Amino acid sequence: MNNLPPRPPPCLRCWFAVGLIAVAVVASFVYLGIDYRALGSAESLQLMGKFIAEFFPPDVSPDFLGKVGHGALQTLAVSALGTVLAAVAGAGLALPASGRAGWLPRHVARFILNFLRSVPELVWAALMVLAAGIGPFAGALALALHTTGVLGRLFAEALENAPREPEHALTLSGAGPVAAFSYASLPIVLPQWVAYTLYRWEMNIRMAAVLGFVGGGGLGQLLYFHLSIFQQQQAMTVLIAMFVLVTVVDFASARLRKGLGPAYA
């Protein structure tokens, strides 16, 4: 006797969506007009091989390694400062964005969060360089502005999904709204908030390295400088430093998230 459940009917909407995506991908390749034969020709491959060979061996002179180490610390500081500022601002905006202050503050806060995260970090960095000058402070502000929009939305959703019964029970017992939130809702969402912040810090490490191309300081600015004057061996050392920095931060962040519990690792 066949006890298998009946096969579900075909999802026509799903197949239609897949077909549209496939058509869009093919149309994009056709519109771009990429000459794959020239790209894969022997001359192109030879030029690419020659270009890659110019990056080796990396420059490991003590003076340059010291400069790269300073740039790595600057990149780490920019990402950490931008993430901390964003976590504080995001938490402040998450409270009204979760609907705890009424209809109008909820929509105003969500509009601000949507606007902040809709502008890419590179655009924010270009604006902050004009406002604060070239340097790591502009990079930290750019990361803080974009990450505030991301973390604020995630924090607000965590608050919306948290049960309100413990907070209501404390309010009915005579506790004020701040005390009820601090002792009931905040302990529930805080581990998730910390996990979101650590994950965004990982991403901001990578982005902080890129922001140097528009004057945000750190390893990115060092990489841009040496590439612009065709010093590929020095640029390779900077690329290796970026990889090491991102790997170390990813490992440390994963261990910290694992300590918060399996749900946030």
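Taken together, the values in this text are just the output of simple stated rules run on the coordinates, not laboratory data. Here the structure is a predicted model, which is why all the values come from computation and not from measurement. As a convention, Cβ positions derive from the backbone with ideal geometry for all residues, glycine included, and neighbour counts pool all protein chains shown.
Compared with the dominant principal axis of the Cα atoms in the chain, helix 12-32 is inclined by about 30°. Each residue of region 116-132 was assigned a 3J(HN,Hα) from its phi angle through the Karplus curve 6.51 cos²θ - 1.76 cosθ + 1.60 (θ = phi - 60°); the sequence is 5, 8, 6, 8, x, 4, 5, 5, 4, 4, 4, 5, 5, 5, 5, 7, 10 Hz, with glycine and proline shown as x.
Would you please put 32-42, 211-221, 190-200 in order of how densely packed they are, using the mean number of other Cβ atoms within 10 angstrom per residue and starting with the highest?
On the way: 32-42: 8.6, 211-221: 25.7, 190-200: 19.5.
Ranked by mean Cβ neighbours within 10 Å, highest first: 211-221, 190-200, 32-42.
Take the Cα pairs of region 59-264, get the Kirkwood Rh, then feed it into Stokes-Einstein at 10 °C and 1.306 mPa s and tell me D in µm²/s. Intermediate results must be reported in sequence, preceding the final value.
Values: Rh = 18.4 Å.
Rounded, D is 86 µm²/s.
What the Kirkwood sum gives for region 109-157 is a hydrodynamic radius of 10.8 Å, with every pair of different alpha carbons counted. Using the average count of surrounding beta-carbon atoms within 10 Å as a protection proxy, the listed peptides 129-139, 19-29 rank, highest first, as 129-139, 19-29. Taking Cα atoms only, the orientation of helix 136-161 departs from the longest principal axis of the chain by about 40 degrees. In the chain, helical runs assigned H by DSSP with n ≥ 4 each contribute -39500 (n - 2.57); averaged across all residues and rounded to the nearest 500, the mean residue ellipticity at 222 nm is -26000 deg cm²/dmol.
Summary value for region 59-264: 28 percent relative contact order, contacts being C-alpha pairs under 8 angstrom separated by 6+ residues.
What number in nm² do you get for region 1-127 if you take the convex hull of its Cα atoms and divide its surface by four?
Details: hull surface 79.3 nm².
Spelled out: convex hull of the Cα atoms, projected over all directions, averaged, 19.8 nm².
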